[in-house]
Amino acid sequence: MTAGTPMTGRDTAAAFKGLLIGLVALAIVVLVTVKLTNDKFAGHEASAEQTH
């Protein structure tokens with residue numbers, strides 16, 4: 001499909017910057033979500049053991 005597409009051009013640098021910024025933003029969103037979820041359920045396991 002795009003075998004003949006060159007990796008140089010006017011918009012190539014902007015495309016790679018956008019890709020990199022998008023990946024960093026996605027990683028930040030995922031890590032913050034995981035941290036907040038872990039913080040919310042940190043005491044969940046201890047309270048479950050006390051009731052059983």
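Summary table below
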{"item": "Residue list for the range 36-52, filter: modelled with pLDDT under 90 and part of a helix (DSSP H, G or I)", "result": "His44, Glu45, Ala46, Ser47, Ala48, Glu49, Gln50, Thr51"}
{"item": "The range 1-35, subset part of a loop (DSSP other than H, G, I, E, B) and not β-branched (Val, Ile, Thr), residue least open to solvent (accessible area, probe 1.4 Å)", "result": "Gly9"}
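The values are calculated or read from the model by the stated rules, or taken from the named source; none is laboratory data. Please read these numbers as outputs of a predicted model, since none were measured by experiment. Surface areas here come from the heavy atoms of the whole protein model, side chains and all, with no ligands, DNA or RNA. Shrake-Rupley method; radii C 1.70, N 1.55, O 1.52, S 1.80 Å.
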